[in-house]
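Colleague: Quick one: the structure is below, questions incoming.
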Amino acid sequence: MERVNFSFCGILDMCSLHYRDIMERKDVKKFLLNRKVRFINPWGEFDYAYFGDFYFKGNVMMLITKDSDYTPYHKNDQLAHTLWSTVPVIFAGVDTGIKDDLWRDIYTGDVVSYQGYTSVVRYFGDSEYPGLIGDNCDILIEESGVAHKDGTAFVDVNPTMFKLYDPFFVHWAAGGFCQFGPSFEEIREKASVAMYAPTFIGGKLKRKRHSRISYDEMENVLTDNMTLTFFTDTEPFEDENGELSYTIFADNLPNAHHEKIHEIPLHNKSSFIQDLKEAFDDFLIYAHSRPEETFILADFKDVFDIDTNYKFRVVLAFDEWFEFKIRNVILPRWIFFALGSLHGIGKD
């Protein structure tokens, strides 16, 4: 295998080179030697991902995930035809494979003291070793245990970097080599406040709360800004006025007219459960591509006479919703509970 370029530009190039495999969700972390990439998540904490679990949109790192903590931040992008969530995050370095004198992992973007200097760690070009940005050249760190990590350069981060990333932001921590710049001690003190979490201009970021994902009574949950969703037949019938209509498979539609509705055609091609799964899976992709919209599915248990035993087979049609945590689709509570039972939620 050729030498890996661990610089920011090198990682961008690798994502382009392996783009198809990343989109097909293949295991490609070996191409970055199984090293983790650090990023700042949407609520302002450090987190980590392996190569293959992200790509770049311009300079902005896009996390690929089905983690329920991240799905509320999904932005419809390159994987819109799937149920994976793509979330803009801030690139915050790559594991260098080097540890400091306290045996802590050193990432690019960390502020480190070594050989009497304090600066930010980077890979210059395709260098085999990381180094501190110096005056006229980088000061390479070639072994573990010889440098000391003082913090990170992710201090006073501008939240706009979730949309427009500046890879040179961290260079303030190399200011000790500039005339009239900060002292090494001042750099260490500033970086120390972001040792375990970044700081932001304007203060701590507000975290999105999980929205409701199931309901008991629709009338207690349905609001005007939600899209009322229900299964319908695909074969029309002629109503009493001679107009073509479609059978609606729903137990609990509201009496009052609801402005926003979405129909899920339920074909009669094979078994009921398979037809239900295919129809719901197609709808999930539609709903997931509209992350700002909330859909609430009308119950159908009574209209299809689904009893207690049969429901554990029926809910298999909704497994993708459970696996990919599609949180802008609200389901009847019995489906959520049955899925939880099948997946062992709440069991030791």
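Colleague: Within the stretch 147-182, track down each residue that is more than 17 Å from residue 90 (Cβ to Cβ) and assigned to a loop (DSSP other than H, G, I, E, B).
Modeller: Here is the first cut: in the stretch 147-182, the residues more than 17 Å from residue 90 (Cβ to Cβ) are 147-150, 174-182.
Answer for the stretch 147-182, where residues must be more than 17 Å from residue 90 (Cβ to Cβ) and assigned to a loop (DSSP other than H, G, I, E, B): 147, 178, 179, 180, 181, 182.
Colleague: Here is a follow-up. Kindly provide the set of residues from the stretch 161-181 that are modelled with pLDDT of 95 or more and touching a Gly at 6+ places or on another chain (Cβ under 7 Å), ordered by number.
Modeller: The answer is 170, 175.
Colleague: Starting from residues that are in contact (Cβ under 8 Å) with a residue 40 or more places away in the chain and of a type in the set (Ser, Thr, Tyr), keep the ones in the stretch 88-124 and report whichever is farthest from residue 75 (Cα to Cα).
Modeller: Per the criteria, the residue is 117.
Colleague: A follow-up question, please. Which residue out of 284, 222, 205 is outside the structural domain of residue 120 (by TED's automatic domain parsing), under 29 Å from residue 326 (Cβ atoms), in contact (Cβ under 8 Å) with a residue 40 or more places away in the chain and touching a Gly at 6+ places or on another chain (Cβ under 9 Å)?
Modeller: On the way: 284 fails: touching a Gly at 6+ places or on another chain (Cβ under 9 Å); 222 fails: touching a Gly at 6+ places or on another chain (Cβ under 9 Å).
Only one candidate passes the filter, namely 205.
Colleague: Scan the stretch 161-186 and report the pairs whose first residue is assigned by TED's automatic domain parsing to the domain that holds residue 125 and surrounded by 15 or more Cβ atoms within 10 Å (Cβ to Cβ) and whose second residue is assigned to a helix (DSSP H, G or I) and of a type in the set (Gly, Ala, Ser), with Cβ atoms within less than 8 Å and a gap of 6+ or a chain change.
Modeller: Close Cβ pairs satisfying both conditions: 173/191; 182/175; 182/176; 184/176.
Colleague: Turning to a different aspect of this structure: Anything in the stretch 125-160 that is under 18 Å from residue 38 (Cα atoms) and touching a residue at least 60 places away in the same chain (Cβ under 8 Å)? List them, or say none.
Modeller: 130, 152, 154, 157
Colleague: Looking at the stretch 239-261, which of the residues that are part of a loop (DSSP other than H, G, I, E, B) and either aliphatic (A, V, I, L, M) or not assigned by TED's automatic domain parsing to the domain that holds residue 305 (or both) is nearest to residue 219 (Cα to Cα)?
Modeller: Selected residue: 253.
Colleague: Do we find that residue 308 is more than 18 Å from residue 281 (Cα to Cα), outside the structural domain of residue 66 (by TED's automatic domain parsing) and among the polar types (S, T, N, Q) in this structure?
Modeller: So residue 308 fits the description; yes.
Colleague: Another question about this same structure. Looking at the stretch 225-277, which of its residues are touching a Leu at 6+ places or on another chain (Cβ under 8 Å) and in contact (Cβ under 8 Å) with a residue 40 or more places away in the chain?
Modeller: 228, 229, 230, 231, 249, 253, 273, 276, 277
Colleague: Please specify each residue of the stretch 214-232 satisfying the condition of being within 16 Å of residue 336 (Cα to Cα), assigned to a loop (DSSP other than H, G, I, E, B) and either in contact with a strand residue (DSSP E or B) (Cβ under 6 Å, 6 or more places away or on another chain) or among the polar types (S, T, N, Q) (or both).
Modeller: Passing the criteria: only 221.
Colleague: Quick check: anything in the stretch 111-132 within 16 Å of residue 49 (Cβ to Cβ), of a type in the set (Phe, Trp, Tyr), touching a Ser or Thr at 6+ places or on another chain (Cβ under 8 Å) and surrounded by 15 or more Cβ atoms within 10 Å (Cβ to Cβ)?
Modeller: no
The values are calculated or read from the model by the stated rules, or taken from the named source; none is laboratory data. This is a predicted model, so every value here is computed, not measured. Backbone-built Cβ (ideal geometry, glycine too); neighbour counts: all protein chains shown.
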